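Participant: Here's a structure for you.
The values are calculated or read from the model by the stated rules, or taken from the named source; none is laboratory data. As the structure is a computational prediction, the values presented were derived from the model and not from experiment. Cβ atoms come from the backbone with ideal geometry, glycine included; neighbour counts cover every protein chain shown. Just the protein is used for accessible areas: all its heavy atoms, side chains included, with ligands, DNA and RNA removed. Shrake-Rupley method; radii C 1.70, N 1.55, O 1.52, S 1.80 Å.
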Amino acid sequence: MPKNRPAIQFTKMHGAGNDFVMLDAVSQRLKIRPKDVSRIANRRTGIGCDQVLIAEPPSRPDTDFTYRIFNSDGSEAGQCGNGARCFARFVRHRRLTQKRNLAVETISGLMQLRMCDQQEVEVNMGEPVFDPGKIPLSRDQQCEQYELDVDGEKLSIGALSMGNPHAVLRVASLADGHLERLGKKIESHPDFPERVNAGFMQVIGPNRIKLRVFERGVGETLACGSGACAAVVYGQILGWLDKEVAVELPGGKLAVEWPGPDHGVMLRGPTAISFEGSLRL
């Protein structure tokens, strides 16, 4: 990296193992390109992360910050629940605000963040979107379940948007290798023109599920906040789950609550700061 460019301060964080490089573009000058993101996210030659998150000044008076999300392949995402939780702690850690309740703007809309204590953050993820055209999913009619043909295998999935597209498949056991066999194929399925996050859900009981997620542009992550929300919403619609559900992911546990239609989905869980440093883009 060119040594004549000023060093940029970063913070490495994670939420239930879903890890991020956090960049402050409020007090620092920062212009980032897709190749910069890929370089930062590389786990062998860079810092290593699932996504790079950037705090920018607000572009409208009713928000505190603009929140930008970049996948490890350099593509920009519209939503990241675990990232949003880390974002709330990050801007307070950087002394960019003292507020415990924040409104942040993403390319998918506004998000409300609340610091519950020093580590736990709750996020209102907004209302789920089921309209196929807005997910987007190539279907003419909205359904509770859709049939997806994957190499001749017929899968019954739920599909919705939580600010980013999700496909959820219920499985008998997460140990059966469904993610390894189907994750990438669902993520890049032609019926999802903008690709999709593929979630594999095992229902343990009405208030508890296990979940693995193959994120678009990333691959499997230890946790996915928006994926946890999508799985719980789908499970509620099919009558499998109650309004409050504990979601167990490979990296830890999250709590999801959805009162039902016309309400936002609430996501709550821990955040952690791993280390800090500087880099040159």
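Participant: As a test question: what accessible area, to the nearest 10 Å², does Asp151 have when a 1.4 Å probe is rolled over all protein chains in place?
Facilitator: 120 Å²
Participant: For the stretch 1-83, rounded, prolate or oblate, judged on the Cα gyration tensor with a ≥ b ≥ c (square roots of eigenvalues), a/c < 1.5 rounded, else prolate if a/b > b/c?
Facilitator: It comes out oblate by the Cα gyration axes.
Participant: Using only DSSP helix segments of four residues or longer, with each worth -39500 (n - 2.57), what per-residue ellipticity at 222 nm results for the chain after dividing by its residue count and rounding to 500?
Facilitator: Estimated from H runs of four or more residues: -4500 deg cm²/dmol.
Participant: Mind jotting down the distance between the C-alpha centroids of the stretch 1-69 and the stretch 182-220, whole Å?
Facilitator: 25 Å
Participant: I've got another one for you. Tilt of helix 81-93 relative to the longest C-alpha principal axis of the chain, in degrees (0 to 90, nearest 10)?
Facilitator: 20 degrees
Participant: Can you give me the Rg/Rh ratio for the chain, using Cα atoms for both radii and the Kirkwood formula for Rh?
Facilitator: Ratio of gyration radius to Kirkwood radius for the chain: 0.96.
Participant: Obtain the nm distance between the two label points defined at Ser274 and Glu244 by a simple spin-label model: each point lies 7 Å from its Cα along the Cα-to-C-beta direction.
Facilitator: That separation, rounded to one decimal, is 3.2 nm.
Participant: Can you find, among Leu23, Pro259, Phe200, the residue farthest towards the positive end of the dipole of the chain? Put +1 on the C-beta of Lys and Arg, -1 on that of Asp and Glu.
Facilitator: Leu23
Participant: I would also like to ask the following. Under a Cβ-only charge scheme (Lys and Arg +1, Asp and Glu -1), can you give me the dipole magnitude of the chain about the Cα centre, in debye to the nearest 20?
Facilitator: The dipole magnitude comes to about 1460 debye.
Participant: To continue, here is another question. With an 8 Å Cα cut-off and a minimum separation of 6 or more residues, compute the relative contact order for the stretch 36-80 in percent.
Facilitator: The normalised contact order for the stretch 36-80 reaches 33 percent.
Participant: Going toward the positive end of the dipole of the chain, with +1 on Lys and Arg Cβ and -1 on Asp and Glu Cβ, which of Gln145, Val218, Gly177 do you reach last?
Facilitator: Going by the charge dipole, the pick is Val218.
Participant: Find the centroid of the Cα atoms in the stretch 89-119 and in the stretch 122-161, then give the distance between the two in whole Å.
Facilitator: Each part reduced to its Cα centre gives a spacing of 29 Å.
Participant: Sequence neighbours fewer than 8 away in the same chain don't count; with that in mind, list the lysines whose C-alpha is under 28 Å from Lys210.
Facilitator: Within the straight-line limit of under 28 Å, Lys210 reaches these lysines: Lys12, Lys134, Lys154, Lys184, Lys185, Lys243, Lys253.
Participant: Step by step: find N for the stretch 1-145, compute 2.2 N^0.38 Å, then divide the Cα radius of gyration by it. What's the final number?
Facilitator: Taking N as the residue count of the stretch 1-145, the ratio is 1.12.
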